[in-house]
Amino acid sequence: MGVSSCGKSTVGQLLGDQVGLVFRDGDDMHPAANIEKMSAGHALNDADRWPWLEAIGQWMQAQTEGAIVGCSALKRSYRDLIRTHAPDTVFVHLHGSYERLLERMQNRAGHFMPVSLLQSQFETLEQLGEDEPGIVLDVAQSPAELAAEAARYLRG
C-alpha cells in the first residue's frame, strides 16, 4: 500500500516471487471511469473508490492460497473494507517523502496517474494504526531490499 510511485507494483511482484504468491496490480482493477477521472487530473473520492476496493477484497477472498495486491489503500476505512472480504490481510506500507515520490512520478512514463494528484494522495493517506497488521518500509531502499524485508516480516 502507499501513494503513487512508492513502488507497489515493482515490490509487489518481487515479493510475490519470493513468497510464492500471485501478484495483481490494483491499478488494473480500477473501473474505466476511475482511470478517466484520474487521467483528467481529478482525485478520486470515496464513492469512486468503494467499488474498486470491494473488487480487490473479493478477488483476494477468492485466492485460497493467498495473494498480493498492489493497492493504495490510503485510508483506514479502505483497508477495513478489504479486510471484510480477506480478514487475514497484512499491509506492507511503502512510505517515502513527497519530494522523492514526486521525482519518481516525473520520471515515470506510461502511467495514467498525473503528477498533479500526488499531493491529494498524501493528504488522504492515513498511516497504519497500531492495531492494523502490517509494516512500514522506507522506499529509500531498493525494491529488492524492500521485498526481502517484507518477505521476512510475512514469514514471521
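The values are calculated or read from the model by the stated rules, or taken from the named source; none is laboratory data. Since the structure is predicted, the reported quantities are computational estimates derived from the model, not experimental observations. Counting neighbours? That spans all protein chains shown, and the Cβs are built from the backbone with ideal geometry, glycine included. For accessibility, only protein heavy atoms count, side chains too; no ligands or nucleic acids. Shrake-Rupley method; radii C 1.70, N 1.55, O 1.52, S 1.80 Å.
Taking the stretch 129-153, which residues are in a loop (DSSP other than H, G, I, E, B), open to solvent by less than 30 Å² (accessible area, probe 1.4 Å) and among the aliphatic types (A, V, I, L, M)? VAL139, the sole residue that qualifies. Is at least one residue of the stretch 49-58 open to solvent by 70 Å² or more (accessible area, probe 1.4 Å), charged (D, E, K, R) and at pLDDT 95 or above? No; the residues of the stretch 49-58 include none that is open to solvent by 70 Å² or more (accessible area, probe 1.4 Å), charged (D, E, K, R) and at pLDDT 95 or above.
Evaluating LEU125 against the criteria (1) touching a strand residue (DSSP E or B) at 6+ places or on another chain (Cβ under 6 Å); (2) within 19 Å of LEU53 (Cβ to Cβ) leaves one unmet condition, (1). The residues listed here are ASP46, ASP17; of these, the one that is over 12 Å from the mean Cα position of the chain (by Cα), more than 17 Å from GLN121 (Cβ to Cβ) and among the acidic types (Asp, Glu) is ASP17.
Scanning the stretch 41-65 for residues that are among the acidic types (Asp, Glu) and free of Cβ contacts under 8 Å to residues at least 40 places away in the same chain yields ASP46, ASP48, GLU54. Scanning the stretch 109-128 for residues that are at pLDDT below 95 and either assigned to a strand (DSSP E or B) or not hydrophobic (A, V, I, L, M, F, W, C) (or both) yields GLY110, HIS111, PRO114, SER116, GLN119, SER120, GLN121, GLU123, THR124.
Scanning the stretch 84-91 for any residue that is within 18 Å of CYS6 (Cα to Cα) and either without any contact (Cβ under 8 Å) to a residue 24 or more places away in the chain or among the hydrophobic types (A, V, I, L, M, F, W, C) (or both) turns up at least one such residue.
Taking the stretch 1-99 as the region of interest, the helices (runs of 4 or more DSSP H) fully inside it that hold 2 or more residues being among the small types (Gly, Ala, Ser) are 8-19, 32-39, 46-62.
Kindly evaluate GLY7 against the criterion of being at pLDDT 95 or above, open to solvent by less than 40 Å² (accessible area, probe 1.4 Å) and within 17 Å of the chain's Cα centre (by Cα). Please lay out each step first, then the result.
On the way: at pLDDT 95 or above: no; open to solvent by less than 40 Å² (accessible area, probe 1.4 Å): yes; within 17 Å of the chain's Cα centre (by Cα): yes.
The answer is no for GLY7.
Out of the residues in the stretch 70-83 that are of a type outside the set (Ser, Thr, Tyr) and open to solvent by 30 Å² or more (accessible area, probe 1.4 Å), state the one that is nearest to the chain's Cα centre (by Cα). Filtering the stretch 70-83 for residues that are of a type outside the set (Ser, Thr, Tyr) and open to solvent by 30 Å² or more (accessible area, probe 1.4 Å), the one nearest to the chain's Cα centre (by Cα) comes out as LYS75. Test ALA67 against the criterion of being open to solvent by less than 50 Å² (accessible area, probe 1.4 Å) and either over 12 Å from the mean Cα position of the chain (by Cα) or at pLDDT 95 or above (or both), and give yes or no. Judged against the criteria, ALA67 is a match.
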